[in-house]
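Scroll down for the structure; my scribbles are underneath it.
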Amino acid sequence: MSISAQEVKELREKTGAGLMDCKRALTEAEGDQQKAMTVLRKKGVAKAEKKKTTRTANEGMVCQYQHPDGKIGVMIELNCETDFVARNDEFQQLGREICMQIAAMNPLAMSKEDIPRERVEEEKAIYKDQVKDKPENVIEKIVEGKLEKFFSGNCLLEQPWIRDDSITITELIDNAIGKTGEKITLARFSRMEVGETAK
């Protein structure tokens with residue numbers, strides 16, 4: 001199948017991927033732009049996983065965000081491999097997007113591994129109590145499903161992105177890894193809201 005330069009250009013503008021990657025994805029997807037975007041996303045995630053395990057990210061920046069009403073503030077440390085990428089507009093935009101995500105969604109932790117075991121057990125006990133009248137083999141499945149929902153709502157990296165809930169924050173970062181060609185990691189975050197410590 002013949003793929004036109006215009007089709008390649010359109011896909012590149014939508015995804016930021018390289019020209020040859022766009023052409024290969026369109027060929028694989030038989031010219032379907034949506035399918036080609038999915039192909040690129042899958043390949044980007046695979047590349048991102050390789051970069052995450054084989055490289056170190058010692059550069060980066062501290063990003064901050066203050067809600068317009070001045071009542072919520074967020075600060076994160078976002079790391080990459082080189083100062084060149086740290087100063088890149090796309091990297092800085094990623095930092096802003098993650099800050100806004102944290103401001104809006106108020107995650108408890110970075111990932112599910114960071115949520116204290118006691119809290120997880122507490123949630124499980126609540127869910128089991130809610131479905132105690134169901135058959136035993138069904139209870140475990142329901143509890144696991146509710147726990148996954150709890151993690152996706154409360155763990156930053158597993159939360160659906162507020163601008164496009166078809167991707168998670170991990171996938172948003174993986175997409176940036178695919179575009180920059182560098183390992184990118186979110187090291188830490190802090191969210192403050194006026195009055196949250198007041199009794």
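Please treat every number below as a calculation from the coordinates, not as lab data. Keep in mind that what you see is a predicted model, and the values were worked out from it rather than measured. Heads up, the Cβs are rebuilt from the backbone with ideal geometry, glycines too, and the neighbour counts pull from every protein chain shown.
What the table shows:
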read-out: Partner aspartates and glutamates for LYS71 [C-alpha distance under 15 Å; skip if fewer than 8 residues away on the same chain]; value: GLU193, GLU196
read-out: Within the range 63-92: backbone nitrogen closer than 17 Å to the SER190 label point (7 Å, Cα to C-beta); value: 63-67, 71-79
read-out: Cβ-Cβ FRET estimate between THR197 and ASP165, R0 fixed at 25 Å, reported to 0.05; value: 0.25
read-out: Segments 59-69, 74-84 sorted - mean Cβ within 10 Å per residue, highest first; value: 74-84, 59-69
read-out: Gained length - LYS134 relative to ARG87, 0.36 nm times residue gap less alpha-carbon distance; value: 11.4 nm
read-out: Spacing of the two label points (7 Å from each Cα toward its C-beta) at GLU118 and GLN6, in nm; value: 6.4 nm
read-out: Selected from SER111, ILE126, THR82, residue furthest toward positive end of dipole (the range 72-138; charges at beta carbon); value: ILE126
read-out: Alpha carbon centroid spacing (whole Å) that separates the range 94-159 from the range 167-184; value: 23 Å
read-out: Relative packing of peptides 108-117, 155-164 - highest average C-beta neighbours within 10 Å first; value: 155-164, 108-117
read-out: The chain: angle of helix 5-15 to the longest principal axis, Cα-based, in degrees nearest 10; value: 20 degrees
read-out: Aspartates and glutamates whose Cα lies under 19 Å from that of LYS23, excluding same-chain neighbours fewer than 8 positions away; value: GLU7, GLU10, GLU13, ASP32
read-out: Over 19 Å between alpha carbons, listed pairs LYS112/LYS134; LYS43/LYS112; LYS14/LYS35; value: LYS112/LYS134; LYS43/LYS112
